Structure formats: structure tokens, C-alpha cells
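As C-alpha cells, the structure follows; a few thoughts come after it.
Read the figures in this text as sums done on the coordinates, not as results from a lab. Everything numeric in this text was worked out from a predicted model, so none of it was measured. Positions of Cβ are backbone-derived with ideal geometry, glycine not excepted, and every protein chain shown enters the neighbour counts.
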Amino acid sequence: SFPTRRSSDLRALTIYDFPGAAAEVAEKKVVLGEHLPPQSAQEFEKLVLSSPNSSLVWIQYMAFHLQTCQYDQARAVAARAVERINFREEGERLNVFLAWLNLENTFGNQETLAGVLKDALQRNDEFKVYSQMADIYTKSGKMEEAEKNFQGFSQKVLQSQRSVDQIWAVLLQKL
């Protein structure tokens, strides 16, 4: 519940008077560059506890581990993030999955990438995941994988209600 105040005190209300606002303010300060992101795993743990639904915080935590070539720790953070982010926060969860897919495409192998892709497809809109996966492959110069991705995507879409024109529009846009 919101704090109760007399009308004369309303001028003194700040964003800190509302539940959860402090975490949002801290996140916005990081985004705007007003203060540095955490510099240790302990600081990141505090931040993810205060903002468990923020993909920005989770992805920065992954990047923290990647800077020191701790790929397994970055994967563990990604796995925790997709479990901890509220299922209603679809965009936030998708952002973490896309960062995880990029990690696996760059530092993983075909099996780890396939596993994360399968999980991402089960938990997110398939059209968005396949589209972004094509973008990941194209930007990394893996055109053969991008083509295979779109072939699999085309088969899935033909079974659903999406049109083939949408698939080709996305493919041409990514190329």
C-alpha cells in the first residue's frame, strides 16, 4: 500500500516513498550512466535480488562473467535469470534468452546452442525467437546456419497461422 500523507505533505513525496521504486531508480541510474555498474559478484547478487525482473541487470551480470572468460558462470546466471524473471515479463525473459543465445553462438558449441534454442522456443514467441536467431547467425557470418534456421522456421510456420510472406520478409530484412 502507498504511504498516507496529508495534502500539505504531498509536495515532499519522492519516488522513494513507493514500494519497489528504489530498485527502479537504481536501475535507471545504471542505464543513464549516473553510477557505475556493480564491480563484484556480491554486488550483482544484491542488485538481482532488488530487481529480479530486470533483463538489463541479469545481462550485465552475464557480461561481468564473460569479461573474465567465466563462460560457465555466465551460463548459470542466464539459467537463473530465465527461472527468476516473472512469466508475465515476456520481453525481459526474451532479452535474457537472446543474450544467452549470443553467448552460446560465440563461445558454446552446436549442442549447447541447440539446447538453449529449444528452451527459448518453448518459453517465448517462436516467431520472435526464430527471427532473432536468424539475426544472430547473420551478424556472426553463419549464413548456412541462418538458412537452416529459416527452413525450420518455415516448416513450423506452415503448420501455424503465420504466412510464408512474413517469413521471407523477415529473412530478407536480416540479410
What are the equivalent ellipsoid semi-axes of the stretch 34-155, built from the alpha-carbon gyration tensor (square roots of five times its eigenvalues), in whole angstrom, biggest first? 26, 16, 11
Suppose R0 equals 22 Å. What FRET efficiency, 1/(1 + (r/R0)^6) with r the Cβ-Cβ distance, do PHE107 and PHE87 give to the nearest 0.05? 0.20
Could you sort 84-90, 51-57 so that the peptide with the highest average Cβ count within 10 Å comes first and the rest follow in order? 51-57, 84-90
Residues in the stretch 96-115 reached by a label modelled at CYS69 [backbone nitrogen below 17 Å; 7 Å Cα→Cβ]: 106-109
